[in-house]
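Enquirer: This is the structure I have questions about; it appears just below.
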Amino acid sequence: MGITTTGSSSVLSARATALQPSLTLAIAARAKALKAEGRDICSLSAGEPDFDTPAFICEAAAKALAAGQTRYGPAAGEPALLEAIAAKLSQENGVPTQREQVLVTNGGKQALFNLFQVVLEPGDELLLPSPYWLSYPDMAELAGAAVRTIPSSAAEGFRLRPEALEAAISPASKLLVLNSPSNPTGTVLNRGELEALAAVLRRHPQLLVVCDEIYEFLVAPGHAHHSLAAVAPDLAERVFIVGGCAKGWAMTGWRIGWLAGSAAVIQAAAALQSQSTSNVCTFAQYGALAAVSGPRDSVHAMAAQFNHRRRRLGEGLLAIPGLQLQQPEGAFYAFPDVSSYGLDSMSLCNRLLDEVGLAVVPGIAFGDDRCIRLSCAAAEATIDDGLERLQRFLEAL
Ligand SMILES: Cc1ncc(COP(=O)(O)O)c(C=O)c1O
């Protein structure tokens, strides 16, 4: 039975009515359905590594399961994992962190959701450099806040300029999102850029910052990941870090992320979690403990593969006339501007899927209708196949 309405008012709340289901998941589902019908589909739409989780991590979780780690645990996370994440942030990211400043969450997604819920309220504004990962606006709106985007284009390298940030800040601005390496553009903020942004932030002490560092390990040669809180330690009190195991350790289904920052906010986010989802799956946390506290060999091996594929995807795209590409510096996406072909990104992506069986994600989902997002989290042969289909389609337009 469908959802009924009484008069003009729906049973759904205004909040739920305003929600957009994730377009990336919708595209992936449609590509899968077409494949199931027997169509020859090439998908470059994935937002997850195509590698298996390293064996030592699976073994640690299996051991914890066998040892009876199957019960409720502390809502904020297993103490050993909190300790390990605090040590990781302190040593690997240069951000001195105590255990009380960390919350283990159901993926980076819940870390962001919890943070938005505990710091944003109606009247507040989220400052969002655009293009952006598609979940931020809906999460902000669920917290009652307005979203102010700070646009950038492929032509200017999708970089957040300090003057653009300064111009966007208003008395209502409460939280700025910095996502580096970025999904979808692959832009990595360098140390100089972070220092310049920090100088702006010092002039606006009411503004909090969340650094979404979920792709921290996936950085192209010649680039490096830096945490804002390490570059500008004087701002650390108002900087939050979101991270997780999904992308670097190929653990998307494990649902392990973290939020780190000032203890008072972490305590509020933990209280929210205790009243909503409780702790993250206990034995999965022991797999994450092995990952976070273990050697980085497998992380670096997978990152090297992504470097190779990212370059291949970038070079292939640059060889297609009429595309404008800011070479991705990290993560596993490319975000070319295809506007010279005269189609909006949704029509282009629908036609790519229908006419040449290529699944990619329309830029409109990320706030830029001129672009499409292609993923290189796929075998090289699939990347080559996708590039060939894209070129064939664009040439025939
Ligand atoms: C920029 C960004 N942040 C956060 C996430 C959430 O990751 P998780 O799977 O850990 O929830 C994603 C996942 O695609 C992402 O691309």
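Enquirer: Using +1 at the C-beta of Lys and Arg and -1 at the C-beta of Asp and Glu, which of PRO74, GLY314, GLY257 has the Cα lying farthest in the positive direction of the dipole of the chain?
Expert: PRO74
Enquirer: Please state the charge dipole magnitude for region 288-346, taken about the Cα centre, from unit charges on C-beta atoms (+1 on K and R, -1 on D and E), reported in debye and rounded to the nearest 20.
Expert: Numbers: 5 positive and 5 negative charges, 49 e Å.
That gives region 288-346 a dipole magnitude of about 240 debye.
Enquirer: Among DSSP bridges having both ends in the chain, what percentage is antiparallel? Round to the nearest 5.
Expert: On the way: 17 of 37 bridges.
In the chain, approximately 45 percent of DSSP beta bridges are antiparallel ones.
Enquirer: Give me the percent of the accessible area of the chain that comes from carbon and sulfur atoms, probe 1.4 Å, all protein chains in place. Don't skip to the end; give the middle numbers.
Expert: Working: 8970 of 16490 Å².
Within the chain, the accessible surface is 54 percent carbon and sulfur.
Enquirer: Restricting to bridges with both residues inside region 1-155, how much of the DSSP beta-bridge set is antiparallel, in percent to the nearest 5? Numbers along the way, then the final one.
Expert: Numbers: 2 of 8 bridges.
Rounded to the nearest five, the antiparallel share is 25 percent.
Enquirer: Across region 55-153, what fraction of all alpha-carbon pairs, as a whole percent, falls in each successive 5 Å bin from zero upward?
Expert: Calculated over all Cα pairs of region 55-153, the distribution is 2, 11, 14, 16, 16, 16, 12, 7, 4, 2, 0 percent.
Enquirer: Moving to a separate point now. Computed over the Cα atoms of region 147-191, what is the ratio Rg over Rh, Rh following Kirkwood? Each step should come with its number before you reach the end.
Expert: Working: Rg = 11.1 Å, Rh = 11.6 Å.
Taking Rh as the inverse mean 1/r over Cα pairs, Rg/Rh reads 0.96.
Enquirer: Of LEU343, LEU353, LEU323, whose Cα points farthest to the positive end of the dipole of region 322-397 (charges on the beta-carbon: +1 Lys, Arg; -1 Asp, Glu; origin at the Cα centre)?
Expert: Farthest along the dipole direction, towards plus: LEU343.
Enquirer: Might you report the magnitude of the Cβ-based charge dipole of the chain about its Cα centre, with Lys and Arg at +1 and Asp and Glu at -1, to the nearest 20 debye?
Expert: Working: 30 positive and 39 negative charges, 95 e Å.
Its charge dipole is roughly 460 debye.
Enquirer: Taking N as the number of residues in region 142-216, what is its alpha-carbon radius of gyration divided by 2.2 N^0.38 Å?
Expert: On the way: Rg = 12.4 Å, N = 75, 2.2 N^0.38 = 11.3 Å.
Region 142-216 yields a ratio of 1.09.
Enquirer: When the chain is fully extended, how far beyond the present Cα-Cα distance does SER276 get from ALA87, taking 0.36 nm per residue of separation?
Expert: Extra length from SER276 to ALA87 when fully extended: 65.3 nm.
Enquirer: Now for a separate question. Can you give the charge dipole size of region 238-397 about its Cα centre, rounded to the nearest 20 debye, using +1 on the beta carbon of Lys and Arg and -1 on the beta carbon of Asp and Glu? The partial results should precede the final answer.
Expert: On the way: 13 positive and 14 negative charges, 124 e Å.
For this selection, approximately 600 debye.
Enquirer: Among the aspartates and glutamates, select those whose C-alpha is under 19 Å from the C-alpha of LYS32, and discard any that sit fewer than 8 residues away in the same chain.
Expert: Within the straight-line cut-off, LYS32 pairs with ASP40, GLU48, ASP50, ASP354, GLU355, ASP385.
Enquirer: Please give the per residue accessible area of region 304-397, computed with a probe of 1.4 Å over protein heavy atoms only, in Å².
Expert: Per residue, region 304-397 has 35 Å² of solvent-accessible surface.
Enquirer: Related question: How would you order 11-23, 46-58, 65-77 from highest to lowest mean count of nearby Cβ atoms within 10 Å?
Expert: Values: 11-23: 11.1, 46-58: 17.1, 65-77: 14.8.
So the order, starting with the most tightly packed, is 46-58, 65-77, 11-23.
Enquirer: Sticking with this one: Would you mind putting 371-381, 141-151, 233-243 in packing order, based on average other-beta-carbon counts within 10 Å, highest first?
Expert: Averaged packing, sorted descending, gives the order 371-381, 233-243, 141-151.
Enquirer: Give me the three principal axis extents of the chain from the C-alpha atoms, as integers in angstrom, largest value leading.
Expert: Sorted from largest, the Cα extents of the chain read 58, 58, 52 Å.
Enquirer: Same structure, new question: Translational diffusion coefficient of region 10-50 at 25 °C, 0.890 mPa s, Stokes-Einstein with Kirkwood Rh over Cα pairs, in µm²/s as a whole number. Before the final figure, lay out the partial values.
Expert: Numbers: Rh = 12.4 Å.
Rounded, D is 198 µm²/s.
The values are calculated or read from the model by the stated rules, or taken from the named source; none is laboratory data. This one's a predicted model, so the numbers in the text were calculated from it and none came from an experiment. Positions of Cβ are generated from backbone atoms using ideal geometry, with glycine treated the same way; all protein chains shown enter the neighbour counts. For accessibility, only protein heavy atoms count, side chains too; no ligands or nucleic acids. Shrake-Rupley method; radii C 1.70, N 1.55, O 1.52, S 1.80 Å.
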